[in-house]
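The values are calculated or read from the model by the stated rules, or taken from the named source; none is laboratory data. Keep in mind that what you see is a predicted model, and the values were worked out from it rather than measured. Here the Cβ is made from the backbone with ideal geometry for all residues, glycine too, and neighbour counts use every protein chain on show.
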Amino acid sequence: MENSTNGLEVVYEKVPTLTDTLMHYCPGCSHGVVHRVIMEVIHEMGITEQTIGVAPVGCSVFAYNYMNIDMQEAAHGRATAAATGVKRVHPDKFVFTYQGDGDLAAIGTGETIHTVNRGENILMVFVNNGVYGMTGGQMAPTTLAGMKTTTSPFGRDVATMGSPLRITELIANLPGALYVTRQSVHSTAAVRKLKKAIQLSFEYQKLNQGTCFIEVVSNCPSGWKMTPVESNQWLVENMFPVYPPGDIKVPKPPAVNN
Amino acid sequence: MIRGTVVIAHDVCKGCELCIVACPQECLGLSDHLNARGYRFAQLNADTCTGCVNCAIVCPDSVITVYREPKKKGSRL
């Protein structure tokens with residue numbers, strides 16, 4: 001059934017910063033929510049013309065098809081290096097990278113750490129779902145201990161394969177990092193918090209004081225072999241003990257002129 | 001009670017059910033038939049919608065537009 005919309009006002013609709021292209025993501029994938037939240041913030045802040053995004057390699061490789069702003073595709077793992085160049089040529093623009101855990105925490109670990117260490121004035125959005133989703137759910141550096149993937153069918157053995165890489169904590173220790181936080185999109189409250197964190201990051205970017213880094217703990221229904229609803233439940237029970245949401249590094253009060 | 005409603009773009013919905021779980025009024029459900037892409041899509045099953053936008057906030061494919069009756073003057077909402 002559809003109620004009549006007569007006499008009612010629109011309180012929520014798709015923002016023009018998202019294109020009408022159908023997203024190729026699996027049903028229930030967090031990428032869609034994160035895309036939408038970033039684009040809503042850019043639309044609401046009125047910085048559509050001043051923002052340049054850098055797309056990664058991974059599931060979100062086609063991010064430039066969905067985000068209706070200026071975008072640049074980067075080589076695998078090198079989104080932060082490309083963003084460094086973009087920001088240095090256009091210091092007055094807002095620059096952000098959008099990367100998954102295979103891109104940022106595996107092949108691009110070196111670029112990521114050195115970009116933050118240089119304190120490049122960009123926002124890095126890191127979507128962490130603990131598997132390589134695009135290639136079929138293989139083990140990533142961020143895969144949980146004991147978690148079964150197609151390349152760790154008996155569960156990740158910490159003795160031979162190492163522990164989950166908490167790159168966000170690693171980055172928070174670097175002096176170039178201004179704002180480091182971990183959020184998620186499993187519930188309405190979490191999505192609202194993520195939106196605030198992204199808003200804050202673009203505000204901080206105006207101050208030119210260092211790198212902003214937002215990790216989004218995300219699901220992968222296809223890679224985890226669950227329904228979207230089950231995967232969000234599993235995320236709360238299993239991902240959060242290892243990747244607890246919350247601010248890890250916030251600037252000292254004088255950084256913001258309220 | 002505030003009256004609202006949602007309009008769902010049925011042809012682009014992937015039927016992930018996240019909106020159904022997020023709806024505090026439990027007025028959303030999956031359709032019995034498929035859309036052109038082969039998914040059962042979300043639809044409004046009851047007229048108890050209050051326009052709280054929870055469903056639209058968790059929707060990965062931005063298929064939901066939310067409508068709500070305008071605020072009355074003097075209302076604290």
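When you go through A:A190, A:A197 one by one, which is the residue that is out of contact with any Cys (no Cβ under 6 Å at 6 or more places or on another chain), within 14 Å of another protein chain (Cβ to nearest Cβ) and crowded, with 17+ Cβ neighbours inside 10 Å?
It is A:A190.
Tally time: how many residues in segment B:9-18 are buried (at least 22 other Cβ atoms within 10 Å of the Cβ) and either more than 10 Å from chain A (Cβ to nearest Cβ) or among the aliphatic types (A, V, I, L, M) (or both)?
Within segment B:9-18, residues that are buried (at least 22 other Cβ atoms within 10 Å of the Cβ) and either more than 10 Å from chain A (Cβ to nearest Cβ) or among the aliphatic types (A, V, I, L, M) (or both) number 1.
Hey, does segment A:222-229 have a residue that's part of a helix (DSSP H, G or I), at pLDDT 95 or above and closer than 27 Å to B:C52 by Cβ?
Yes, some residue in segment A:222-229 is part of a helix (DSSP H, G or I), at pLDDT 95 or above and closer than 27 Å to B:C52 by Cβ.
Closer than 30 Å to A:Y12 by Cβ and within 14 Å of the chain's Cα centre (by Cα) - does that describe any residue in segment A:220-229?
Within segment A:220-229, one or more residues are closer than 30 Å to A:Y12 by Cβ and within 14 Å of the chain's Cα centre (by Cα).
Out of the residues in segment A:242-254 meeting the condition of being farther than 21 Å from A:V125 by Cα and assigned to a helix (DSSP H, G or I), tell me which one is modelled with the highest pLDDT.
Out of the qualifying residues, it is A:P253.
Here's the yes/no breakdown for (1) part of a strand (DSSP E or B); (2) within 14 Å of another protein chain (Cβ to nearest Cβ); (3) under 15 Å from the mean Cα position of the chain (by Cα):
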residue: A:M23; (1), (2), (3): no, yes, no
residue: A:R36; (1), (2), (3): no, yes, yes
residue: A:E40; (1), (2), (3): no, yes, yes
residue: A:H76; (1), (2), (3): no, no, no
residue: A:V86; (1), (2), (3): no, no, no
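Would you mind finding the one in A:F154, A:F94, A:F126 that is of a type outside the set (G, A, S), within 24 Å of A:I69 (Cβ to Cβ) and over 14 Å from the mean Cα position of the chain (by Cα)? Break it down into steps so the answer makes sense when it comes.
Working: A:F154 fails: within 24 Å of A:I69 (Cβ to Cβ); A:F126 fails: over 14 Å from the mean Cα position of the chain (by Cα).
Answer to the selection: A:F94.
If you check A:G133 against the conditions, is it farther than 20 Å from A:Y25 by Cβ, buried (at least 20 other Cβ atoms within 10 Å of the Cβ) and not hydrophobic (A, V, I, L, M, F, W, C)? Talk me through it step by step, then tell me what you get.
Working: farther than 20 Å from A:Y25 by Cβ: no; buried (at least 20 other Cβ atoms within 10 Å of the Cβ): yes; not hydrophobic (A, V, I, L, M, F, W, C): yes.
Judged against the criteria, A:G133 is not a match.
Considering each residue of segment A:113-123, count those that are over 16 Å from A:S60 (Cβ atoms) and buried (at least 16 other Cβ atoms within 10 Å of the Cβ), and give that number.
Qualifying residue count, segment A:113-123: 7.
For segment A:45-74, enumerate the residues that are assigned to a helix (DSSP H, G or I) and either in contact with a Pro (Cβ under 6 Å, 6 or more places away or on another chain) or surrounded by 20 or more Cβ atoms within 10 Å (Cβ to Cβ) (or both).
Selection gives A:C59, A:S60, A:A63, A:Y66.
Scan segment A:209-219 for residues that are of a type in the set (D, E, K, R) and more than 12 Å from the chain's Cα centre (by Cα) and jot them down.
The answer is none; no residue qualifies.
Just give me the residues in segment B:34-54 being in a strand (DSSP E or B), more than 8 Å from every other protein chain (Cβ to nearest Cβ) and of a type in the set (A, V, I, L, M, F, W, C), in sequence order. Give the derivation first.
Filtering segment B:34-54 down to residues in a strand (DSSP E or B) leaves B:34, B:40-44.
This time we only want the ones that are more than 8 Å from every other protein chain (Cβ to nearest Cβ), so: B:34, B:40-42.
Within segment B:34-54, B:L34, B:F41, B:A42 qualify.
Give the residue, chosen from B:S62, B:S31, that is out of contact with any Ser or Thr (no Cβ under 9 Å at 6 or more places or on another chain), within 7 Å of another protein chain (Cβ to nearest Cβ) and surrounded by 16 or more Cβ atoms within 10 Å (Cβ to Cβ).
From the options B:S62, B:S31, the qualifying one is B:S62.
Go through segment A:200-217 and report how many residues are on the phi < 0 side of the Ramachandran plot and either surrounded by fewer than 24 Cβ atoms within 10 Å (Cβ to Cβ) or touching a Cys at 6+ places or on another chain (Cβ under 8 Å) (or both). Give the derivation first.
Filtering segment A:200-217 for residues on the phi < 0 side of the Ramachandran plot gives A:200-207, A:209, A:211-217.
Add one more test, that the residue is either surrounded by fewer than 24 Cβ atoms within 10 Å (Cβ to Cβ) or touching a Cys at 6+ places or on another chain (Cβ under 8 Å) (or both), and what stays is A:200-207, A:209, A:214.
Residues flagged as on the phi < 0 side of the Ramachandran plot and either surrounded by fewer than 24 Cβ atoms within 10 Å (Cβ to Cβ) or touching a Cys at 6+ places or on another chain (Cβ under 8 Å) (or both) within segment A:200-217 amount to 10.
What is the residue count in segment A:50-74 for residues that are farther than 24 Å from A:Y12 by Cβ, more than 14 Å from every other protein chain (Cβ to nearest Cβ) and either charged (D, E, K, R) or touching a helix residue (DSSP H, G or I) at 6+ places or on another chain (Cβ under 7 Å) (or both)?
Qualifying residue count, segment A:50-74: 11.
Specify which of the listed residues (A:P153, A:P241, A:P221, A:P228) is in contact with a helix residue (DSSP H, G or I) (Cβ under 6 Å, 6 or more places away or on another chain) and more than 20 Å from A:Q99 (Cα to Cα).
A:P228
Could you list, in sequence order, the residues of segment B:21-33 that are out of contact with any Asp or Glu (no Cβ under 8 Å at 6 or more places or on another chain) and either of a type in the set (A, V, I, L, M) or touching a residue at least 24 places away in the same chain (Cβ under 8 Å) (or both)?
As a first pass, look at segment B:21-33 and keep what is out of contact with any Asp or Glu (no Cβ under 8 Å at 6 or more places or on another chain): B:21-26, B:28-29, B:31-33.
The answer is B:V21, B:A22, B:C23, B:P24, B:Q25, B:L28.
Being more than 9 Å from chain A (Cβ to nearest Cβ) and either among the β-branched types (V, I, T) or part of a strand (DSSP E or B) (or both) is the filter here, so list the residues in segment B:19-28 that pass it.
B:L28
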